[in-house]
Amino acid sequence: MRISHSAAALITTNSLLACVSGYSFEQSTYTNESEVPFYGLSPPVYPTPEGNGKSSLAWAAAYVKAREFVAQLDLEEKVNLTVGYQTSVCHGHTGSVPRLGFGGLCFEDGPSGIRGQDFVSAFPAGSHLAATWDKNLMYAYGKAIAEEEKGKGVNVILGPVGGPAGRVTRGGRVWEGPGPDPYLIGIQLGQLVTGIQDNGVIACSKHWLFNEQEYRRLPTINYGEAMSSNVDDLTMHELYAWPFMNALRAGSGAVMCSYQRANNSYSCQNSKLMNGVLKTELGFEGFVVSDWGGQQSGVASANAGLDVVMPWFGWWQNLTTMVTNGSVSIERLDDMATRQMASYYFLKQDEKYPDLSISPYNVQHPIIDVRDNHSQLIREIGAAGTVLVKNTNKTLPLKASTARFVSIFGYDAEVKAEAWEDPTRYGGGYDVNWGWNTFNGTLITGGGSGSNSPPYVVSPFQAIQQRVVANKGMLRWDFFSGNPTVEASTQVCLVFINSYSSESFDRLSLTDEFSDNLVNNVATNCSNTVVVLHAAGTRLVESWIDNENVTAVIYAGLPGQEAGSSLVDILFGDVTPSGKLSHTVARKEEDYGEVLNSTIDYSAFPQSNFTEGVYIDYRAFDRNGTVPRFEFGFGLSYTTFTYSNISIVQRDNVSVAEYPSKNISIVQGGHPELWDVLFEISAVITNTGEVAGAEVAQLYLGIPTAPVRQLRGFDKVMVQPEEAATALFEVTRRDLSTWDVVAQEWKLQKANYTVSIGASSRDLRLNSTIVL
Ligand code: NOJ
């Protein structure tokens with residue numbers, strides 16, 4: 001990385017800190033580790049590299065068109081492209097150039113379905129999708145969401161979510177993304193971006209970077225600046241930036257910078273993050289858009305690499321002045337406009353893109369139904385991401401004979417009437433959107449911009465009732481009482497509870513007394529109690545998990561509009577459970593350590609030091625020897641699997657040099673050699689049970705100097721009884737590398753790497769070693 005900068009004119013937090021600390025950032029590498037800035041300092045990196053389309057022929061062609069387009073614009077038209085307006089139609093809309101037939105780009109939330117519209121689908125949340133561990137479903141989800149956005153004429157989808165990564169267990173938005181493992185997040189992000197963009201919509205991967213908590217995510221007049229996430233260089237690369245590499249590699253046309261400060265410089269004016277890591281190291285060709293209201297400065301943000309400001313009318317005038325007086329160069333402005341247009345052409349949105357048909361809320365409009373048959377996919381993902389964690393004496397699946405008399409309890413079993421009285425409760429509003437919570441009944445997603453607008457909700461009660469009717473059974477229910485009456489002849493009691501979470505605040509607890517008492521009260525009177533939990537994040541279960549009358553427990557996640565149907569598929573065995581946890585469920589909250597809660601700091605310049613480094617979730621539990629209740633990667637099935645025949649084959653056509661070679665130019669996603677497959681590892685998975693089922697085989701590597709084991713592959717294979725299938729893992733150079741903070745490169749170590757394949761992060765069935 002050779003960067004010359006002219007920070008003299010820019011009095012930013014970055015440059016001030018750099019002056020104070022006396023670092024020189026013009027060197028290509030640091031000479032020793034003590035020179036590498038620790039967290040809290042964000043080195044200035046200027047100027048912004050101009051996007052050039054060198055990543056691929058498709059990007060090159062897009063850049064030719066984008067440059068031609070921008071060359072025809074005057075100053076005001078160029079500036080106009082960089083400004084987003086919030087309209088009653090689009091959540092954000094960049095300026096248009098009518099004389100050239102460009103209508104601007106329309107941006108909409110969000111990651112799990114279009115928010116605030118009718119005749120659109122409510123998909124499962126990102127965390128639910130991750131619990132499927134199914135790459136094909138991840139791709140199909142991205143494609144389906146894009147079909148809906150495109151169907152309504154939206155150009156940019158504000159997703160997928162790769163951060164929060166889930167550092168803070170009680171973080172309010174953890175459920176929007178996969179959970180606290182960078183590899184799993186990376187695979188999901190890559191698949192979603194590919195699915196979205198294969199269908200012509202620009203994916204806006206977010207939030208770049210370190211948006212790990214809600215408390216003080218923005219500056220306030222009363223308190224002061226936003227929280228600063230202080231993260232060291234190695235942790236940034238190996239944990240938080242890692243998943244975005246997959247998104248970029250898959251071609252993400254946009255990236256959203258985040259609200260909070262990163263190493264004391266606001267993310268949307270952080271030159272190290274945008275000019276340095278994103279646009280230099282990772283070769284980003286597209287444009288950076290601010291989170292809504294996330295731009296906190298003018299010149300500094302423009303020169304640090306921000307390309308589109310959302311949403312601010314005033315920016316138009318200010319940027320024009322800055323360019324006229326030279327504080328922002330015309331080259332930077334051209335680059336801002338060119339990057340945006342390049343993404344537009346890269347996705348071929350100039351060729352027959354549907355007209356915008358987003359409707360303002362509660363204004364009569366023609367029906368534009370974009371749902372196609374996505375309800376089937378939603379139901380499938382709903383079931384595939386449902387995680388069974390306890391099943392004593394084969395309580396599940398229920399059969400017509402064992403579930404003739406069913407009792408249903410708990411507020412989460414049914415959609416309550418109130419939910420339909422207030423449209424903002426189901427995504428009707430743009431800004432007031434609290435999603436679904438305890439008071440609304442069945443929790444199908446979390447709250448805030450990651451929420452969605454279901455066209456209907458199939459509640460668990462409704463779906464179970466249908467099945468009971470078909471079985472000529474008998475149903476009793478009570479959704480309100482904390483200590484309901486259980487009829488003596490009930491064969492099975494289903495208790496529904498949930499745990500709500502939303503953008504804009506962090507959770508206060510991973511349990512709640514009312515729900516825990518409800519479970520225990522029912523279990524006292526019912527020897528066959530099945531608990532179903534819809535949860536926006538981690539939910540602990542200690543107060544009743546060992547109760548012997550609690551015979552089965554299901555984490556039903558945040559399954560979207562087909563919640564009840566997906567659940568019934570699992571409950572009655574039409575689908576064999578195959579979901580696995582994408583986070584660790586501890587025995588007690590304190591087991592998560594310092595990162596249980598968001599950092600609370602009342603000072604004017606609040607600081608959150610990520611001193612745990614890469615040791616979050618299972619990495620920390622493994623290091624500390626803490627026994628979880630349910631480990632990362634865990635989930636039961638109705639069948640059983642054995643693992644055998646581990647095989648490791650080194651690909652002989654790639655170089656296994658210590659560092660990736662120097663003389664290869666960077667493309668979007670980083671150094672291309674990082675993606676070379678060095679080893680193919682496989683194992684045979686045999687279904688030894690009586691029903692067909694899918695197994696998520698997981699590959700963990702022990703990389704020297706890194707956590708004892710890290711997820712570096714997974715493969716979900718469907719296996720018929722008494723048959724076998726091969727799980728395959730392609731291990732890339734990046735998967736084996738660590739970030740060298742001195743050389744500022746990914747590096748392979750000459751050492752032994754342990755290889756384990758198993759059914760979870762603690763159920764490792766096969767072991768071997770790679771020697772480099
Ligand atoms: C703020 C959220 O942080 C972001 O994720 C969302 O896309 C925007 N608001 C727009 O709603």
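Okay, here's what the table says:
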{"quantity": "Options N597, N653, N663: the member that is within 24 Å of the chain's Cα centre (by Cα) and not assigned by TED's automatic domain parsing to the domain that holds N391", "calculated": "N597"}
{"quantity": "Test: residue in region 235-249 that is surrounded by 24 or more Cβ atoms within 10 Å (Cβ to Cβ), on the phi > 0 side of the Ramachandran plot and touching a strand residue (DSSP E or B) at 6+ places or on another chain (Cβ under 9 Å)", "calculated": "no"}
{"quantity": "Conditions (1) touching a Phe, Trp or Tyr at 6+ places or on another chain (Cβ under 8 Å); (2) not assigned by TED's automatic domain parsing to the domain that holds N517: number failed by T576", "calculated": "(2)"}
{"quantity": "Residue identified as out of contact with any Ser or Thr (no Cβ under 9 Å at 6 or more places or on another chain) and under 19 Å from D622 (Cβ atoms) among R709, R762", "calculated": "R762"}
{"quantity": "Meets criteria (surrounded by fewer than 24 Cβ atoms within 10 Å (Cβ to Cβ), assigned by TED's automatic domain parsing to the domain that holds G95 and away from the ligand (no atom under 13 Å from the Cβ)) for N155", "calculated": "no"}
{"quantity": "Wholly enclosed strands (runs of 3 or more DSSP E) of region 184-264 bearing at least 1 residues in contact with a Lys or Arg (Cβ under 6 Å, 6 or more places away or on another chain)", "calculated": "228-230, 254-257"}
{"quantity": "Flag if A144 is over 14 Å from the mean Cα position of the chain (by Cα), buried (at least 24 other Cβ atoms within 10 Å of the Cβ), small (G, A, S) and under 26 Å from H534 (Cβ atoms)", "calculated": "yes"}
{"quantity": "Hits in region 60-111 - residues which are within 16 Å of the ligand (Cβ to nearest atom), under 22 Å from A146 (Cα atoms), in contact with a helix residue (DSSP H, G or I) (Cβ under 7 Å, 6 or more places away or on another chain) and not acidic (D, E)", "calculated": "T94, L105, P111"}
{"quantity": "Qualifying residue in region 165-177 (condition: surrounded by 24 or more Cβ atoms within 10 Å (Cβ to Cβ), outside any helix (DSSP H, G or I) and among the β-branched types (V, I, T))", "calculated": "yes"}
{"quantity": "Selection count, region 147-175, where residues are under 12 Å from the mean Cα position of the chain (by Cα) and of a type in the set (V, I, T)", "calculated": "2"}
{"quantity": "In region 176-204, residue farthest from V731 (Cα to Cα) [restricted to those that are within 13 Å of the ligand (Cβ to nearest atom) and under 9 Å from the mean Cα position of the chain (by Cα)]", "calculated": "E176"}
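Matching residues to (1) among the small types (G, A, S); (2) free of Cβ contacts under 8 Å to residues at least 24 places away in the same chain; (3) touching a helix residue (DSSP H, G or I) at 6+ places or on another chain (Cβ under 7 Å); (4) within 16 Å of the ligand (Cβ to nearest atom):
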residue: H237; (1), (2), (3), (4): no, no, no, no
residue: A241; (1), (2), (3), (4): yes, no, yes, no
residue: G251; (1), (2), (3), (4): yes, no, yes, no
residue: G283; (1), (2), (3), (4): yes, no, no, no
residue: V288; (1), (2), (3), (4): no, no, yes, yes
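The values are calculated or read from the model by the stated rules, or taken from the named source; none is laboratory data. Because the structure is predicted, anything quoted here is derived from the model rather than measured. So basically every Cβ, Gly included, is an ideal-geometry build from the backbone, and we count neighbours across all protein chains shown.
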